[in-house]
Amino acid sequence: MASMLLNTMRTCAVGQSWAVRSVARSLSTTTQLQAQVQTKSKKTLARPGVKNIVLVEGVRTPFLLSGTTYADLMPHDLARAALQGLLNRTGIPKDAVDYLIYGTVIQEVKTSNVAREAALGAGFSDKIPSHTVTMACISSNQAMTSAVGMIAAGQCDVIVAGGVEFMSDVPIRHSRKMRKTMLSLNKAKSVGQRLGLLASIRLAHLAPELPAVAEFSTAETMGHSADRLAAAFGVTRLEQDEFALRSHTLAKKAQDQGLLEDVISFKVPGRDIVSKDNGIRPSSMEQMAKLKPAFVKPHGTVTAANSSFLTDGASAVLIMSEEKALSMGFKPKAYLRDFVYVSQDPKDQLLLGPTYATPKVLERAGLSLSDIDVFEFHEAFAGQIMANLKAMDSDWFAQTYMGRKAKIGTPSLDKFNLWGGSLSLGHPFGATGCRLVTTVAHRLKKEGGQYGLVAACAAGGQGHAMVIEAYPQ
């Protein structure tokens, strides 16, 4: 597939220096859109007999580079902070929540059900059931849609969903031989047995098993796969650096203007109060060009500057039936409408989830790409975003790989990730989905739009997309 894509996709319509032009266009467009205060008049996606489910509020801790201010915490500490922030912002009674769901990817063995531990730590009633889900980078997406399903089924009316990731202290295991020896030592009944087992230990047994962001089925790191995908679609190093610079520039502007209102302040024990993401660092094309390839050496195009960075952070959202929200006096932010999950080949199409998910969710909602006012796509790598945009704009790809008659088209960059994205804000694997959904709700209100679309790729070749409708202002 890669060679076919390489020869065919280089002719796609997204030009090399589009991102430089789009930065200025996006910055000016943001101001124009924010001047609008009335939601556009379009049909609502409400359906007769189907319960309306709403996003009441969404918050997150500041997303920080791993190994910085959060370094001495544990995952449940961050999740607890997000939950407490949600409680403080909404004022909802702690015993009014019916259920709590959290997403995470790399689990801390001491708190494998981090949802339960965080809920108890945040002061929720111990009568509230809690469970943890994992689906790679769309884990909190799965937490939210699980909540939607439970409410739609009449099981609950009020659910808190969220996600957390803590990359500052990932589990590092002993080698398998060492683990077997240690377990046998624990079962040994005599001194002789213990001495014999100790004598069997070799120096090689002491080598640890280090975690890696790699596919189990292919043994390929995600960065390496992103580099191959960029090459297959003819995405240049220049295009990737330009898009990354766009992300950081827009994120800095949004941060300075106070648009990232989902971020809560967090007093880190023994340290200062953290109130801002610390990975937003607009650079220059010249500085970015100096970096060497990070994965495919020496001729790759994916670098540290055009990749999302390892991040610590947590998010939380309050999801309710519309009827329950209004009865409790809440003003919802948005309706959570149709969503889909997709899955494809994890070797050559690992990061193409948005391409496959977007047309499916639009069809379910009865919308076209032009109906969408706000796009928020997860930015794992600049090359991944660019490859998806080119795939979405290719009739050949749609017909050859997706079984579709024609392409879905490319989202307008005037509507696309206008407050930055994962490249600049950070990407705590299990928490990003809630950030995307909350950002769409806030942008719809700020820009006067009616429909937003969230899309994300995930390890395993999976993906997610959701349509969000603005709540009437």
Are any residues in the range 322-336 closer than 25 Å to Ala456 by Cβ and open to solvent by less than 30 Å² (accessible area, probe 1.4 Å), and if so, which ones? Pro332, Ala334, Tyr335, Leu336
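Can you find a residue in the range 350-364 that is touching a Ser or Thr at 6+ places or on another chain (Cβ under 6 Å) and touching a residue at least 12 places away in the same chain (Cβ under 8 Å)? Outline the logic, then answer.
So in the range 350-364, the residues touching a Ser or Thr at 6+ places or on another chain (Cβ under 6 Å) come out as 350.
Still in the running and touching a residue at least 12 places away in the same chain (Cβ under 8 Å): 350.
Yes: the range 350-364 contains one or more residues that are touching a Ser or Thr at 6+ places or on another chain (Cβ under 6 Å) and touching a residue at least 12 places away in the same chain (Cβ under 8 Å).
Residue-by-condition table, conditions (1) surrounded by fewer than 24 Cβ atoms within 10 Å (Cβ to Cβ); (2) among the charged types (D, E, K, R); (3) more than 21 Å from Thr145 (Cβ to Cβ); (4) at pLDDT 95 or above:
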| site | (1), (2), (3), (4) |
| --- | --- |
| Ile385 | no, no, yes, yes |
| Ser394 | no, no, yes, yes |
| Thr400 | yes, no, yes, yes |
| Leu423 | no, no, yes, yes |
| Gly449 | yes, no, yes, yes |
| Ala455 | no, no, no, yes |
| Ala465 | no, no, no, yes |
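If you take the residues of the range 262-317 that are acidic (Asp, Glu) and surrounded by 14 or more Cβ atoms within 10 Å (Cβ to Cβ), which of them is nearest to the chain's Cα centre (by Cα)? First the steps, then the outcome.
Going through the range 262-317, the residues acidic (Asp, Glu) turn out to be 262, 272, 277, 286, 312.
Now narrow it down to the ones that are surrounded by 14 or more Cβ atoms within 10 Å (Cβ to Cβ): 262, 277, 312.
On the way: Asp262: 15, Asp277: 15, Asp312: 12 Å.
Across the range 262-317, the extreme among qualifying residues is Asp312.
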Which of the residues spanning the range 194-236 are touching a helix residue (DSSP H, G or I) at 6+ places or on another chain (Cβ under 8 Å), of a type outside the set (A, V, I, L, M, F, W, C) and assigned to a helix (DSSP H, G or I)? Arg194, His205, Asp227, Arg228
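Starting from residues that are more than 23 Å from Arg443 (Cβ to Cβ) and among the charged types (D, E, K, R), keep the ones in the range 335-366 and report whichever is farthest from the chain's Cα centre (by Cα). Spell out the reasoning first.
Pass one, the range 335-366, residues more than 23 Å from Arg443 (Cβ to Cβ): 341-352, 356, 363.
Remaining after also requiring among the charged types (D, E, K, R): 345, 347-348, 363.
On the way: Asp345: 20, Lys347: 21, Asp348: 21, Glu363: 23 Å.
Within the range 335-366, the match that is farthest from the chain's Cα centre (by Cα) is Glu363.
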Cβ-Cβ below 7 Å, separation at least six or inter-chain, first residue in the range 62-89 and over 20 Å from Leu425 (Cα atoms), second open to solvent by 40 Å² or more (accessible area, probe 1.4 Å) and assigned to a loop (DSSP other than H, G, I, E, B): which pairs? Leu87/Lys94
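The values are calculated or read from the model by the stated rules, or taken from the named source; none is laboratory data. Given the structure is predicted, the values throughout are model-derived calculations rather than measurements. Using ideal geometry, Cβ is built from the backbone for each residue, glycine included, and neighbour counts are taken over all protein chains shown. Calculation scope for accessible area: heavy atoms of the full protein, side chains included, ligands and nucleic acids excluded. Shrake-Rupley method; radii C 1.70, N 1.55, O 1.52, S 1.80 Å.
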